[in-house]
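Heads up: the structure comes next, in structure tokens.
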Amino acid sequence: MLTELPTEIQTYISSIQKNNSGYEHLTTTPGFIESESLVRNTVIAFYMGKNILLKGPTGSGKTRLAETLSAIYKQPMHSINCSIDLDAESLLGFKTIKQIDGQSQIEFVEGPVIKAMKNGHTLYIDEINMARPETLPILNGVLDYRKTITNPFTSEVVKAHPNFRVVAAINEGYVGTTPLNEALKNRFVIFHVAYLTGEQLKQVIKEQTNLENAEVIEYMVKLADEIIKETKRGKISEEAASTRALLDACDLAVYLSPLTAIRHAIAEKLEDEREKNFVINLAETYFKE
Ligand SMILES: Nc1ncnc2c1ncn2[C@@H]1O[C@H](COP(=O)(O)OP(=O)(O)OP(=O)(O)O)[C@@H](O)[C@H]1O
Ligand SMILES: [Mg+2]
């Protein structure tokens with residue numbers, strides 16, 4: 001038997017389920033289009049204060065979803081982009097010298113983790129598996145029930161504001177990524193973000209691109225659905241079905257022929273000549289030059 005959701009969260013969820021509207025109060029518009037209960041489930045986890053890890057290929061909407069979650073709670077989002085160079089200073093902040101009344105004083109400039117914790121904002125950790133394995137354990141105390149960190153640069157003990165939330169994103173199988181450390185992974189609840197298809201994809205095209213030709217939109221969606229089928233069969237790389245790439249193709253198709261648009265926004269991104277041709281051939285079944 002499930003416990004009933006608090007009214008606040010129910011109101012939000014029913015608005016997305018009804019008509020994908022209800023985003024009027026969001027800072028980022030348009031909102032995230034619901035697919036397979038992803039928004040519903042992540043909203044609930046976010047509401048409960050769980051750290052959320054979004055797993056999905058490039059251009060599948062991970063960042064957009066994190067922004068939407070943060071916007072639902074009317075909180076700003078601070079982002080960290082992980083890389084080999086990510087260090088404690090880029091997470092927590094750094095000391096600098098400031099002139100006050102002609103006097104040099106040391107001041108600490110707060111980094112994204114400290115800012116988000118103190119103000120009850122959202123912390124977005126992008127490409128969390130790109131960081132060096134020894135860097136992120138510094139956040140272990142931030143990511144478990146303690147929600148606390150002792151800032152090594154100032155010795156200040158920072159306890160997170162109750163609204164503090166963490167969303168991380170991971171792009172599996174990407175060059176340069178390492179498997180996520182088990183203790184780190186264990187601190188998250190994990191959601192898969194897949195490329196959009198069918199009606200949902202059509203809705204995103206209508207909301208986020210300048211393309212208005214209904215027939216071209218229809219075929220673009222059919223093409224995307226077909227590409228997704230082929231990626232699942234292992235015929236072409238997963239990123240060929242990227243929602244971001246398709247939205248670019250739709251924008252270009254306002255002024256360029258759809259085939260040219262697809263070539264530059266989708267096919268040319270594929271390394272393998274065979275895959276490139278495969279996408280073009282597939283597109284030629286829908287569009288003529
Ligand atoms: N469900 C969705 N609702 C609304 N927009 C979406 C959705 N899925 C994807 N998009 C759109 O697709 C594009 C790519 O999304 P986003 O940048 O969030 O991808 P990502 O998963 O963060 O990619 P990367 O791993 O490369 O950072 C954006 O323009 C976003 O608005
Ligand atoms: Mg992103």
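Can you find a residue in the stretch 133-151 that is among the aromatic types (Phe, Trp, Tyr), on the phi < 0 side of the Ramachandran plot and within 16 Å of ligand 2 (Cβ to nearest atom)?
No, the stretch 133-151 has no match at all.
Test of understanding: among Leu92, Leu54, Leu86, which residue is modelled with pLDDT of 75 or more, closer than 26 Å to Asp144 by Cβ and in contact with a His (Cβ under 9 Å, 6 or more places away or on another chain)?
Within the list Leu92, Leu54, Leu86, the selection yields Leu54.
Name the single residue that is most open to solvent (accessible area, probe 1.4 Å) among those in the stretch 59-96 being assigned to a helix (DSSP H, G or I) and of a type in the set (Asp, Glu).
Among those residues, the one meeting the criterion is Glu89.
Quick one: which residue in Glu289, Glu239, Glu226, Glu271 is open to solvent by 30 Å² or more (accessible area, probe 1.4 Å), at pLDDT below 95 and part of a helix (DSSP H, G or I)?
On inspection, the qualifying residue turns out to be Glu239.
Restricting attention to the stretch 214-232, and to residues there that are free of Cβ contacts under 8 Å to residues at least 12 places away in the same chain and farther than 26 Å from Ile170 by Cα, which single residue is nearest to ligand 1 (Cβ to nearest atom)?
Ala214
If only one of Asn41, Asn51 is in contact with a Phe, Trp or Tyr (Cβ under 8 Å, 6 or more places away or on another chain), away from ligand 1 (no atom under 16 Å from the Cβ) and in contact (Cβ under 8 Å) with a residue 60 or more places away in the chain, which one is it?
Asn51
Which one is farthest from ligand 1 (Cβ to nearest atom) among residues in the stretch 54-67 that are touching a residue at least 40 places away in the same chain (Cβ under 8 Å) and among the basic types (Lys, Arg)?
It comes out as Lys55.
Is there a residue being within 30 Å of Arg244 (Cα to Cα), at pLDDT 90 or above and among the hydrophobic types (A, V, I, L, M, F, W, C) anywhere in the stretch 206-214?
Yes, that holds for at least one residue.
The values are calculated or read from the model by the stated rules, or taken from the named source; none is laboratory data. Predicted, not measured: the structure shown is a model, and the values here were computed from it. As a convention, Cβ positions derive from the backbone with ideal geometry for all residues, glycine included, and neighbour counts pool all protein chains shown. Each accessible area value is taken on the protein alone, full model and side chains, heavy atoms only, with ligands, DNA and RNA left out. Shrake-Rupley method; radii C 1.70, N 1.55, O 1.52, S 1.80 Å.
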